[in-house]
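Some notes on the structure that comes next.
Read-outs throughout are calculated quantities, based only on the coordinates presented, and are distinct from any laboratory measurement. Remember, predicted model here, so these are calculated numbers, not experimental data. In this analysis, Cβ positions are derived from the backbone assuming ideal geometry, glycine residues included, and neighbour counts consider all displayed protein chains.
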Amino acid sequence: MAKWEINPNLTYYSSLRLRNFRGFRVRKQIPFAPLTFLLGPNSSGKSSIFDSLLLLSQSDFNPSMTVNQEPNWIGDLVDMGSFKDTVYNHKTELPIEINVEISLPDLRKNKKNIYDSPNIALEFQIRTTRDEPGGRLSVFRLTDLASKQSITINYSKTQLSVKILGERITFDIKDKRPIRDLDYYSFRRYIYEIREYIEKYIDENPEKFFRRKAAWNRIIQNLVVTRSQLISGAERVTSGRGAPRRWYPTGDERSYRRYFPFHLRVPTFSDVEPQMLQNDYDSPYYPRRYRHRLSESLPSILKKLDIASSINPYQLSPYHSAINIEDSVTGITSNLIDVGYGASQVIPILRACMSPSDGPLFVEQPEIHLHPKAQSIVAEVLCETSNYRQVVVETHSVHMINRARILVAEGKLNPEHVIINLVYRKKSGSYVYPMHLLKNGEFASKWPDGFDFFDERYQDTMRLLQLKHLNGKQ
């Protein structure tokens, strides 16, 4: 069986380190792959891993600018509350650190293996002060991992300093407005201000950058494009997906925005909406390269799930619309609300997989209200999606993991394409135990003692056999 074709421009998070972020006190590496599963008991820290990356996305930090930058704690992607709610043990004197390593396609052009070492590392440090209880970006560090060269930017309320090759350059912040308050022209100006300082410093000190010019060109380039599609294009399928409704208001602004250009869209998928079912792949708003890409359409996947043969929105009035669904067995057409809960829970996942975004897709508990066969089919859709955008899945489903293992064993997925992170908690905080796969789909290491994720069904089966044996003797 042939492998799926992997997007050669795939950009993805290859690792994450958290410090003082919710339950993560110590900075430990959490490996990521294009397809990453997060497993573990409730309240172990799985959502914190999700939320740290979603916070970066919705905060829209732009390290190449000189103005003050504040985290967006409450937004469309995630509600973190506040700095105090997020920092470890609510100790506001501690800094929050989010460190990511990113694999970029631009530096893989001459490499045969798309899973080679990550290219850059980004460190974001957020602090709070008495005058700024909401916190702000205080330190940003970008490291070119090939050369180990790095640039560090320290932000204060009135000054900004850039550290290059151990030397610190300091200059005043001219405009103290937050990024979100800037007009277009101010925004454009500040994007290139730090870049101009760095380029001038390099030109004035050629001896310091002898044989380092290529690395520093990469650093300058990545500093400007840090707000890439990887960060700004993130989308989320929430675990609290809404129930179906009998009718929907026509022209719902929130629904309408999702299928408009990127800067207007809402990046969360939590409810079934009539606008989701429109065929927007040929929309002039999307360049051709963004038109996806799954091997099957939404109706064909729903039919494979035994949910529906077809699903269509229809107009009830100038102000109201509804969704009709045709039963895949009886052929009877009914309102979506009358055919069970599973359809309303799986459609947001499938539609997210067909989204035009190239940013990472975060999916919470895709197995909700689905029987085992349907869970495996949805898992295969998520696995296929991970070939053109990174997919991070938080799940409690054995069937999800097993379908990925089968696809690896069949040769459709590279074992390096998948990683399974077991998240667990101790008194000292949350930790992660990574599990890699072999080419035959087996785990590369022993499942840790005390975590019976795959053993629970086996234990129940053995217990039933024991009870059957005992009952047979009576």
| request: Report the label-to-label distance for D85 and H371 in nanometres (one decimal), using points 7 Å from each Cα along the Cα→Cβ vector. | output: 3.9
| query | Taking a ≥ b ≥ c as the square roots of the eigenvalues of the Cα gyration tensor of segment 1-52, is the shape rounded (a/c under 1.5), prolate (a/b larger than b/c) or oblate? | reply | prolate
| request: Please give the length that would be gained between S161 and A444 if that part of the chain were fully extended, namely 0.36 nm times their separation in residues minus their C-alpha to C-alpha distance (nm, one decimal). | output: 97.3 nm
| query | Dipole size in debye (nearest 20) for segment 350-427 around its Cα centre, Lys and Arg Cβ +1, Asp and Glu Cβ -1? | reply | 320
| message | Quick check: the distance between the Cα centres of segment 409-445 and segment 353-389, to the nearest angstrom? | response | 18
| Residues in segment 116-150 that a label on A214 would reach, taking backbone N under 19 Å of a point 7 Å out along Cα→Cβ | 116-121, 143-150
| query | When the Cα centres of segment 302-325 and segment 1-45 are compared, how far apart do they sit, in Å? | reply | 35
| remark: With a Förster distance of 41 angstrom and the Cβ-Cβ distance between Y433 and S334, calculated FRET efficiency to the nearest 0.05 equals 0.35
| request: Find how much the distance from S239 to I6 grows on full extension, using 0.36 nm per residue of separation minus their present alpha carbon separation; answer in nm with one decimal. | output: 81.1 nm
